[in-house]
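J.: Sharing a structure below in structure tokens format, with a few things to ask.
The values are calculated or read from the model by the stated rules, or taken from the named source; none is laboratory data. A quick note: this is a predicted structure, and the numbers were derived from the prediction, not measured. Here the Cβ is made from the backbone with ideal geometry for all residues, glycine too, and neighbour counts use every protein chain on show. The accessibility values were calculated without ligands, DNA or RNA, using every heavy atom of the protein model including side chains. Shrake-Rupley method; radii C 1.70, N 1.55, O 1.52, S 1.80 Å.
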Amino acid sequence: MIVISACLVGEQVRYDGNHKLDIFYKNLIDEKKAISICPEILGGLQVPREPAEITGGDGYDVWNNQAKVMTVTGQDVTHQFKEGAKRALSIIKDLDAQTVILKSDSPSCGSTVVYDGTFKGIKKEGVGVTTALFKLNAIEVYDEKSFHATFDNHEV
């Protein structure tokens, strides 16, 4: 089973109520080869919601209590991000999922870069809260771009 970020399959779960539909991933859902998750929704956040970024580090630092996830107006949503990541991990373990494709740049799902916490559109190297937890549990995470590049010439 493949697990994919819900926003990539057209679910309107992003902070702004939009999605990042990628037909390739939507087709995997339609073909029953994948399921979708949104860690932020699993953690109890609503749609729409204020934009949030990790301040003071990346997802690993959040788990080490050295960084927080804050909204643009200063609300601490670290607990919701951690809770959503834990629930997402439980789903992945229950499914014995071998492939996880998460949305790039997200404070939850980013796997190579995340926004720097200044809300100025600046990205920095690092991973999101959910990705960090998955990697700490030996789960390989792809973003939507790297999965396409790796698997475009292979059947899923």
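J.: Among the GluC sites (Glu not before Pro) within segment 74-144, which fall in a DSSP loop and have no more than 16 other Cβ atoms within 10 Å of their own Cβ?
T.: E140
J.: With a 1.4 Å probe and all protein chains left in place, how much accessible area per residue does segment 25-107 have, in Å²? Walk me through the numbers on the way to the answer.
T.: On the way: 3970 Å² over 83 residues.
Per residue, segment 25-107 has an accessible area of 48 Å².
J.: Within segment 1-61, list the trypsin sites (Lys or Arg not before Pro) lying in a DSSP loop whose Cβ has at most 16 other Cβ atoms in a 10 Å radius.
T.: K32, K33
J.: Out of T78, I139, C38, whose Cα points farthest toward the positive end of the dipole of the chain (charges: +1 Lys, Arg; -1 Asp, Glu; placed on Cβ)?
T.: Comparing the listed Cα positions along the dipole, T78 ranks first.
J.: Here's another thing I want to ask about it. Report in % the part of the accessible area of segment 1-109 that belongs to carbon and sulfur, leaving out ligands and nucleic acids; probe 1.4 Å.
T.: Reported share for carbon and sulfur atoms: 48 percent.
J.: Here is a follow-up. Which label marks the calculated value of Cα Rg over 2.2 N^0.38 Å, given the options (i) 0.97; (ii) 1.52; (iii) 1.33?
T.: Correct label, based on the coordinates given: (i).
J.: To continue, here is another question. Pick from S106, S146, S36: which residue has the top mean-square fluctuation in a GNM of the chain where Cα pairs under 10 Å get a spring?
T.: Greatest mean-square fluctuation among the candidates belongs to S146.
J.: How big is D for segment 1-87, in µm² s⁻¹ as a whole number, if Stokes-Einstein is applied with the Kirkwood radius of its Cα pairs at 20 °C and 1.002 mPa s?
T.: After rounding, the answer is 156 µm²/s.
J.: Once every DSSP H run of n ≥ 4 in the chain is given -39500 (n - 2.57) and the sum is divided by its residues, what mean residue ellipticity at 222 nm do you get, rounded to the nearest 500 deg cm²/dmol?
T.: The helix contribution divided over the chain gives -9000 deg cm²/dmol.
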